[in-house]
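Peer 1: Dropping the structure in here first, questions after.
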Amino acid sequence: MILVTGGAGFIGANFILDWLAQTGEGVVTLDKLTYAGNLHNLDRLQGDARHVFVHGDIADRALLERLLAEHQPRAIVHFAAESHVDRSIHGPEDFIQTNVVGTFRLLEAARQYWQALPAPEKEAFRFLHVSTDEVYGTLSPTDPAFTEQHNTLPNSPYSASKAASDHLVRAWHHTYGLPVLTTNCSNNYGPLQFPEKLIPLVIVNALAGKDLPIYGDGQQVRDWLYVGDHCGAIRRVLEAGRPGETYNIGGHNEMTNLRIVQGICALLGELRPRADGRPYASQITHVKDRPGHDRRYAIDAGKIERELGWRPAETFDTGIRKTVQWYLDHPEWVAQVQSGAYREWVAQQYATA
Ligand code: NAD
Ligand code: TYD
């Protein structure tokens with residue numbers, strides 16, 4: 001079986017559901033259940049003996065040692081992180097604690113476990129670290145997309161903490177020989193994404209008749225990938241990636257934030273028109289820009305395509321349609337994640353906008 005950290009979050013939950021459907025191999029999920037972790041994301045696995053959920057912190061070394069000894073995983077897939085840039089600006093401490101200290105503790109526990117494995121299991125063991133394109137910093141409109149050779153130049157507390165974790169993972173390979181794999185992926189979207197990130201926030205706010213906040217001029221560019229394609233890429237890297245290597249993952253799909261929001265408005269207009277017949281785009285409002293806002297991210301996914309034969313299956317048009325439809329079909333999920341704590345965050349984030 002494999003150990004998945006952060007499996008109650010957006011990408012982790014999608015990964016586990018896909019993994020069990022595709023491979024049937026057992027999963028132990030370790031998740032602290034922060035505001036972003038939601039056990040309902042894994043409801044479909046209730047009663048499924050192939051899945052074990054453990055509530056706990058990746059920074060808890062004693063717990064990690066117990067889990068590894070008990071379940072003897074052949075791999076660790078590490079998603080657990082604080083993941084929202086805006087939250088990292090308001091409160092960076094949790095980002096350093098989980099993304100840096102937590103990853104360090106996980107690496108140490110993994111190293112101790114791996115070193116004691118018998119030869120064939122030791123050879124086959126993998127530690128896959130899930131990271132982001134944001135560690136590379138920002139691009140001008142004409143710069144080539146990020147390759148794995150690009151310097152690490154993070155600009156936000158979130159991306160700095162992820163870059164720090166990438167460096168630790170790299171060092172644990174070079175110094176101790178731990179068989180690590182690192183993936184740096186572009187912005188994901190899809191079912192189960194917490195409605196604080198741009199795409200689900202816009203869908204949820206649009207349906208609730210609320211403002212659709214665009215930071216600054218909305219001309220910032222992100223390279224969007226459907227979450228199912230990210231999960232497929234991680235499975236492929238785990239299966240065939242070379243230890244010590246980094247793989248960029250992206251969808252060849254650069255779009256400005258404004259275009260993304262306008263596109264969602266148009267789709268909602270088609271699938272669930274507003275009662276008053278007015279366009280959803282009338283809810284768009286430009287608000288104060290994010291401090292230090294990176295202007296453009298773009299991923300060159302040539303290495304994973306050439307070496308591992310991975311390519312995204314979804315286009316943005318097919319992926320965003322599935323995503324909008326999923327949110328339309330799951331109002332109870334949205335209502336349930338919009339807890340009191342979440343509403344307080346929204347009030348704080350957009351109060352001075
Ligand atoms: P998320 O915020 O939705 O989920 C994070 C999960 O980690 C939650 O379930 C949370 O409870 C858990 N967690 C947080 N701190 C923990 C701790 N100390 N111990 C155990 N569990 C803890 O994040 P996501 O969007 O699913 O991202 C998952 C990973 O993918 C992150 O490492 C992120 O940096 C990376 N990533 C995300 C994107 C994206 O667009 N969302 C893109 C590239 C890479
Ligand atoms: P986000 O989903 O937070 O991802 P990231 O910051 O990791 O790229 O934001 C995506 C883009 O959308 C980013 O350029 C910031 C912008 N954005 C808005 O314009 N308004 C919003 O309310 C949010 C949450 C993001």
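Peer 1: Points 7 angstrom from Cα along the Cβ direction at residue 171 and residue 239: gap in nanometres?
Peer 2: That separation, rounded to one decimal, is 3.4 nm.
Peer 1: Can I ask one more? Quick one: putting +1 on the C-beta of Lys and Arg, -1 on the C-beta of Asp and Glu, what dipole do you get for the chain around its Cα centre, in Debye to the nearest 20?
Peer 2: Magnitude of the dipole: close to 120 debye.
Peer 1: Using only the Cα atoms of the range 99-214, what do you get for the radius of gyration and for Dmax, in Å?
Peer 2: Spelled out, the Cα radius of gyration and Dmax of the range 99-214 are 18.3, 60 Å.
Peer 1: I need the fraction of alpha carbon pairs in the chain separated by more than 32 Å, rounded to a whole percent.
Peer 2: Here the tail beyond 32 Å accounts for 28 percent of pairs.
Peer 1: Report the one residue of 181, 154, 138 whose Cα lies farthest in the direction of the positive end of the charge dipole of the range 121-186 (charges on C-beta: Lys and Arg +1, Asp and Glu -1; origin at the Cα centre).
Peer 2: Highest projection toward the positive end goes to 181.
Peer 1: Based on the Cβ-Cβ distance from residue 259 to residue 54, what FRET efficiency comes out when R0 is 51 Å, to the nearest 0.05?
Peer 2: That gives a FRET efficiency of 0.80.
Peer 1: Could I ask something else about it? Could you estimate the translational diffusion coefficient of the range 1-146 from the Stokes-Einstein equation, with Rh from the Kirkwood formula over C-alpha pairs, at 4 °C and 1.567 mPa s, in whole µm²/s?
Peer 2: Rounded to a whole number, D works out at 80 µm²/s.
Peer 1: For residue 188, list long-range residues whose amide hydrogen, built 1.01 Å from N in the peptide plane, is under 5 Å from its own amide hydrogen.
Peer 2: Long-range HN contacts for residue 188: 225.
Peer 1: How far is it, in nm, from the label point at residue 33 to the one at residue 72 when both lie 7 Å from their Cα along the line to the Cβ?
Peer 2: The modelled label-to-label distance comes out at 3.0 nm.
Peer 1: Taking amide H positions as placed 1.01 Å from N in the peptide plane, with prolines and chain starts having none, which residues 5 or more places from residue 127, or on another chain, fall under 5 Å of its amide H?
Peer 2: Close amide H contacts, sequence-distant or interchain: 76, 180, 181.
Peer 1: For helix 340-350, what angle does its Cα long axis make with the longest principal axis of the chain, in degrees from 0 to 90 and rounded to 10?
Peer 2: Helix 340-350 sits roughly 60 degrees off the main axis of the chain.
Peer 1: Distance in nm between label sites at residue 210 and residue 286, each 7 Å beyond Cα in the beta-carbon direction?
Peer 2: 2.3 nm
Peer 1: Can you work out ³J(HN,Hα) from phi for every residue in the range 118-132, in order, using Karplus 6.51 cos²θ - 1.76 cosθ + 1.60 and θ = phi - 60°, giving whole Hz and x for Gly and Pro?
Peer 2: Computed from phi, the couplings for the range 118-132 are x, 3, x, 5, 5, 4, 7, 5, 9, 10, 9, 9, 8, 10, 10 Hz.
Peer 1: A follow-up question, please. Estimate the FRET efficiency between residue 272 and residue 338 by the formula 1/(1 + (r/R0)^6), using the beta-carbon distance for r and 25 Å for R0, to the nearest 0.05.
Peer 2: With R0 = 25 Å, the Cβ-Cβ based efficiency is 0.85.
Peer 1: If you don't mind, another one. Rounded to whole Hz and in sequence order, give me ³J(HN,Hα) for the range 152-161 from the Karplus expression 6.51 cos²θ - 1.76 cosθ + 1.60, θ = phi - 60°, writing x for Gly and Pro.
Peer 2: Values, residue by residue: 7, 9, x, 10, 10, x, 4, 5, 5, 5 Hz.
Peer 1: Additional query: If you plug each phi of the range 63-73 into the Karplus form 6.51 cos²θ - 1.76 cosθ + 1.60 with θ = phi - 60°, what whole-Hz ³J(HN,Hα) values come out, in order, with x for Gly and Pro?
Peer 2: Residue by residue, the range 63-73 yields 4, 4, 4, 4, 4, 5, 5, 6, 9, 6, x Hz.
Peer 1: Another one. Working from the pairwise distances between different alpha carbons, so that the mean of 1/r is found and then inverted, what is the range 218-302's Kirkwood radius in Å?
Peer 2: One decimal place: 15.7 Å for the Kirkwood radius.
Peer 1: I would also like to ask the following. What is the local net charge at residue 107, summed over the other residues whose Cβ is closer than 12 Å to its Cβ (Lys, Arg +1; Asp, Glu -1)?
Peer 2: Net charge in that neighbourhood comes out at +2.
Peer 1: Using the eigenvalues of the Cα gyration tensor, what equivalent ellipsoid semi-axes result for the range 1-58 when each is taken as the square root of five times the eigenvalue, whole Å, largest first?
Peer 2: 17, 11, 10
Peer 1: What do you get for Rg/Rh over the range 247-347 if you use C-alpha atoms and the Kirkwood form of Rh?
Peer 2: Rg divided by Rh gives 1.03.
Peer 1: How many Lys pairs in the chain lie less than 19 angstrom apart by Cα atoms, where the lysines are 8 or more positions apart or on different chains?
Peer 2: Here the count comes out as 6.
Peer 1: Suppose every K and R has +1 on its Cβ and every D and E has -1 on its Cβ; what is the size of the dipole of the range 133-212 about the Cα centre, in Debye to the nearest 20?
Peer 2: Computed about the Cα centre, the dipole is about 160 debye.
A short reminder: the numbers here are calculations on the coordinates, not readings from a lab. Please read these numbers as outputs of a predicted model, since none were measured by experiment. Don't worry about glycine lacking a Cβ; one is built from the backbone with ideal geometry, like all the others, and counts go over all protein chains shown.
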